[in-house]
Every structure is written in C-alpha cells, then in structure tokens.
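Undergrad: Mind looking over this structure? Questions follow.
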C-alpha cells in the first residue's frame, strides 16, 4: 500500500508546481525603486483657542488629536513624517516670547507610530499663534532630499505675530525654489482666518480646506499625506482665462485653480486625430454655500460650437461636486493628406459653477477647482473584439482558464487511478 501511494504524492507535487508556475510573478512596482523618500511635516496650532468646544461636541484640540492618531495609523510606510507645534509651551503675555513658541514635537523621519502618538497625547492648548515662525522652522525640518515635500498646517485662528506675515513667509519659501507645498486646514474658521490660510496655501500651489467635523479633518489630512507619497498626482497650479483665446494650454495632468462664484474659467487642450480627450472637474465647497448649485464642464471648438458636456448639481450641503466628459477625435478620412492626419484640434474646456456663498459668508477667494486632463489613444475596435472587452486583462483570464482545464484533467486522472487502486484491493 505504501508503494501505491507514492505516485499520488508525486502527482500532487506536480499539480502544485503547475499551478505555481502559472501564477503571475510579483509586480515590478512592488520592488524597491530607489526613489527619494517623500516627506510631510504636520504643523499643529496648540494655541489657547483650541480649547473651544465646537467640533462634534468636543474641543478643537480633541478633534485634532483623534485625527492625528488615525492619520499616523494610515501613513504609508515610505513616507517620512514629522510633527511641529505652535503655541504649545509659553503661557505668558510677553508677545516677543510667545512668537518664538514653536517646537519640533517629532522629527521628520521614518515613523514610529507609538512614539509619535505618545508625543501628541501630551499636548494641551496653551499660548499664542506664531504661524509665520512655525512655517519657517517647518521648511527647515524638511530640508534636504529630492523627494516630494509638504507642510500641512492646521490652525483655528490667524497669526498673532505680525509684522512677520505668514503669507509673505509662504511666498518666500516658494521663491527659494525648494519645491515645498503648503496645504492649510482651518478649524471652524472665521473670515480673516480663512483669507490668511488661503493666501498661505495659494502662495506655494497648495490647497485650503475649511473643517467643521472630525471626520473631515481626518480624511483631508490622510488625503494630503497619500498625495505626498504619490507626487505624480499633485495638482499643478494654473490660472484659467475669461475666454478661450487667452486660456492656458494644458496637457495630460492634474491642475488646481480657483473660480469666483458665477464666473467661467477657460482652458485649452490640443487633441490630435485618433486621440481621446478625457476631462473631469471637481469643485470644493470650502465654506457654507446657498442651496441649489451645480458644475458644468463643456468642450467646445474655438468658434464656440459645443462638442460634448458633463454636468452635475445638488441642493444640499456637500464638500465636493464633480463631473466629466469624453471626446474621441476620429482619424482623418483622407490617408493622402499628411498634414490633416497630424494636425491638432484646439478644444476649449469651460468650467462653470452656480455655487453661491451662504448669507454673510465672503465670496473671496474663489472656490477651489481641480481639473484632470487625460489624452489617450482612441479605442482600437479590433483589439476590443479580440479582448472581449477585457483590455489587457485577457491574458490573465486565459491563464486561469488553462489552469482550470489542466487542473480538471489532472484531478480526473487522479480520481480514476484511486478508484482503480481501491477496486483492486
């Protein structure tokens, strides 16, 4: 009986080897790429006003601590993260001393989640709001390296240390050419705080977000940290024009802009024959807005004829509203006209919104706009039919079908062999 079981064991080994051999190897993307580590410095306002209880029934400080803990848990392994505070130490009334109150709570580097959480847990709302000095120090925290670098500033009030204007500080950081992006988040902000934080963010091509709930804070900081880990999706700042003829020419990429309520922003894209233009736009309600709003994205010719449109609307509070469109430009019919076969068509993209700030809410600055443009080769009908609509995933289906077929044959052969052995015994 022992000698009869050996062939079955060998067959099982052969079957396992066959299945393992058919499985795709590890993706090259998972292998170390040798790229410089992305860096993020979280700058947290710990001034006395953070004691205010107006975020989901708790204090602003409690909301920030919870958000930090969740962000630390979700931070990608490749990101080097640090934490800097402002207004966390000095309790006195000496303005000169209060405006020096910024410290590095956790140095930018490989993340030890336990150590970072322990440091955050010790924070208590204390002093002044030296945003300008904190930004200068945060830029130093991120010094060195070739990876993407980002400062995420979270504050509930405007700077109290003028004349060191934090907006001027942000412009100086941008002027140094060290490629640091500053994103700002305002906790239940008033108009002055909103204006200052928006100015800081726009100076470096960053974003400003108003936050009124704990989940909003956690989600947005997580999003910014993830964006640093994937710099290829970082939006490029661009300024749309009031008419297509003067609009900036965009290529494939992600772009950020601001649009005043009720206005139109124009952009241009050059589409060659056989290409497909895919575009989408998202507009963020970074402040309270009136009911009934929408966003419209139109693709038109230079002469104003509409090619295609996408639109979306709503009637209640939302943070982001998005829409998109696709325009496949056909190949030229005349194969002898080489110029026509290569000529690019200028497509005008117009972004229109019907957002309006709620009563008493300032209209400036404009609402944040994120525009995605993608130019791809048009659909190949022959390849679509051959792939049964699966695109490049057809080969995986073929491998699975082959593995199942061979496995079924092998299992049937083994079963018949075992039945034969059982009957002879």
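Undergrad: How large, in Å, is the stretch 37-233 by the Kirkwood hydrodynamic radius built from its alpha-carbon pairs?
TA: 16.3 Å
Undergrad: Tell me the label-point distance for the pair residue 223, residue 322, using the 7 Å Cα-to-Cβ offset, in nm and rounded to one decimal.
TA: Here the answer is 0.9 nm between the modelled labels.
Undergrad: Under the Kirkwood approximation applied to all pairs of distinct alpha-carbon atoms, what is the hydrodynamic radius of the stretch 216-271 in Å?
TA: 13.2 Å
Undergrad: Another question, then. Roughly how compact is the stretch 133-248, stated as its Cα Rg over 2.2 N^0.38 Å to two decimals?
TA: Normalised Cα radius of gyration, the stretch 133-248: 1.11.
Undergrad: What's the exposure ranking of 90, 106, going from fewest to most Cβ atoms within 10 Å?
TA: Ordered by Cβ neighbours within 10 Å, fewest first: 90, 106.
Undergrad: Fewest Cβ neighbours within 10 Å first, please rank 346, 323 accordingly.
TA: Taking fewest neighbouring Cβ atoms as first place, the list is 346, 323.
Undergrad: Multiply the residue separation of residue 176 and residue 331 by 0.36 nm, subtract the distance between their alpha-carbon atoms, and state the gained length in nm to one decimal.
TA: That pair, residue 176 and residue 331, stretches by 51.2 nm at full extension.
Undergrad: Quick check of the Kirkwood formula: for the stretch 127-187, what is the inverse mean of 1/r over all pairs of different Cα atoms, in Å?
TA: Answer for the stretch 127-187: a Kirkwood hydrodynamic radius of 12.1 Å.
Undergrad: What FRET efficiency would be calculated for the residue pair residue 97, residue 276, taking the C-beta separation as r and a Förster radius of 51 Å, to the nearest 0.05?
TA: Efficiency computed from Cβ-Cβ geometry: 0.25.
Values in this text are rule-based calculations from the coordinates and carry no lab data. Treat the numbers as computed from the prediction; the structure is a model and nothing was measured. Cβ: placed from backbone, ideal geometry, glycine included. Neighbour counts: every protein chain shown.
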